[in-house]
Amino acid sequence: KVLEVTHTEAAEIFLLEEAAGKLTLAVHRGVFREAFQEITCFRLGEGLPGRVAASGQTVLVHNLAEDPRFIRQTVKTLGFQSYACVPLRAQDRVVGVLDVADRSARLTPDDLNLLTAIGNQIGVAIENARLYARVQQTADYLNALIESSGDAMITVDLEGRITSWNRGAEEIYGWSKEEAIGQVVPMVPLDQRETVREMLTRMQTGETFRSLEVVRQRKDGALLEVIVTASPLRNAAGQIVGFLGISKDI
């Protein structure tokens with residue numbers, strides 16, 4: 001799309017690896033891919049991409065062959081004249097650079113302004129993608145821990161309906177995840193349901209129950225003794241949205 005709106009022949013995105021202090025080529029579109037890939041990594045301050053990343057300032061060049069800051073010589077020999085490079089920003093941080101090049105001198109300050117606006121949008125998208133990847137990685141790690149636990153780890157909503165049911169719960173209580181989700185704590189014997197309802201009410205005020213020795217019931221009807229810890233679950237705003245129960249078969 002950038003090539004289309006700027007009528008240029010080549011465009012690139014470099015992403016910044018802050019810890020390493022370098023830019024790495026993420027994507028090239030347009031002509032002469034091999035020539036532009038003569039250098040695919042710039043240190044901060046090196047070449048035009050590195051300078052833009054380090055300073056956060058845009059660059060517009062109309063005579064690329066005579067600009068010593070542009071160090072990809074093969075691109076110069078192919079006759080490229082116009083070159084524009086803008087930082088990709090997210091929350092006032094530079095996360096990469098976007099550059100375009102053309103063998104004519106058609107790029108204008110208006111093109112640079114347009115590229116800057118596009119670069120800001122791309123920067124936000126890149127940062128959101130990175131944050132999502134980090135969150136997903138953390139969630140996958142936590143899910144792996146939960147699934148590998150030998151204890152039953154069960155979450156319920158405010159009404160007591162099961163919203164998650166790990167492998168430990170399947171092994172201890174006998175119901176599969178598919179069978180358990182949506183039920184109202186089926187492992188609690190009928191004569192203890194009122195006690196559990198009272199616990200849910202008290203947990204809505206923030207109370208936590210620790211190491212309770214109680215009797216629970218398996219899917220096959222067998223009774224077993226477990227130690228239960230139950231606590232409220234809160235959302236990002238601190239509101240209680242459900243409860244977590246951890247059961248250990250004793």
Residues located in the range 221-243, provided they are under 21 Å from Thr201 (Cα atoms), among the β-branched types (Val, Ile, Thr) and open to solvent by less than 70 Å² (accessible area, probe 1.4 Å) = Ile227, Val228, Thr229, Ile240
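Counting only residues that are assigned to a helix (DSSP H, G or I) and touching a residue at least 12 places away in the same chain (Cβ under 8 Å), which one in the range 107-117 is most open to solvent (accessible area, probe 1.4 Å)?
Just the residues of the range 107-117 that are assigned to a helix (DSSP H, G or I), to begin with: 109-117.
So of that shortlist, the ones also touching a residue at least 12 places away in the same chain (Cβ under 8 Å) come out as 109, 111-112, 114-116.
Values: Pro109: 87, Asp111: 31, Leu112: 25, Leu114: 71, Leu115: 2, Thr116: 44 Å².
Ranking the candidates gives Pro109 first.
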Starting from residues that are acidic (Asp, Glu) and under 17 Å from Ile246 (Cα atoms), keep the ones in the range 165-185 and report whichever is surrounded by the most Cβ atoms within 10 Å (Cβ to Cβ).
-> Glu170
Given the conditions (1) within 26 Å of Ala129 (Cα to Cα); (2) touching a His at 6+ places or on another chain (Cβ under 9 Å), every one holds for Ala19 apart from (2)
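Taking helices (runs of 4 or more DSSP H) that fall entirely within the range 1-71, which contain at least 2 residues that are at pLDDT below 95 and either more than 21 Å from Leu115 (Cα to Cα) or open to solvent by 80 Å² or more (accessible area, probe 1.4 Å) (or both)?
Working: elements: 2-6, 33-36, 47-55.
Counting at least 2 such residues, we get 33-36.
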Here the residues within the range 119-164 that are more than 30 Å from Arg89 (Cβ to Cβ), aliphatic (A, V, I, L, M), open to solvent by 30 Å² or more (accessible area, probe 1.4 Å) and in contact (Cβ under 8 Å) with a residue 40 or more places away in the chain are Met153, Leu158
Which condition number in (1) within 19 Å of Ile250 (Cβ to Cβ); (2) open to solvent by 20 Å² or more (accessible area, probe 1.4 Å) is the one that Val188 fails?
-> (2)
Can you name every residue in the range 186-236 that is in contact with a strand residue (DSSP E or B) (Cβ under 9 Å, 6 or more places away or on another chain) and of a type in the set (Gly, Ala, Ser)?
-> Gly206, Ser211, Ala230, Ser231
Count, please, the residues in the range 80-106 that happen to be open to solvent by 10 Å² or more (accessible area, probe 1.4 Å) and assigned to a strand (DSSP E or B).
-> 3
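The values are calculated or read from the model by the stated rules, or taken from the named source; none is laboratory data. Since we're looking at a predicted model, the values are computed, not measured. All Cβ positions, glycine included, derive from the backbone under ideal geometry; neighbour counts span all protein chains shown. We work out accessible area using only protein heavy atoms, side chains counted, and drop any ligands, DNA or RNA first. Shrake-Rupley method; radii C 1.70, N 1.55, O 1.52, S 1.80 Å.
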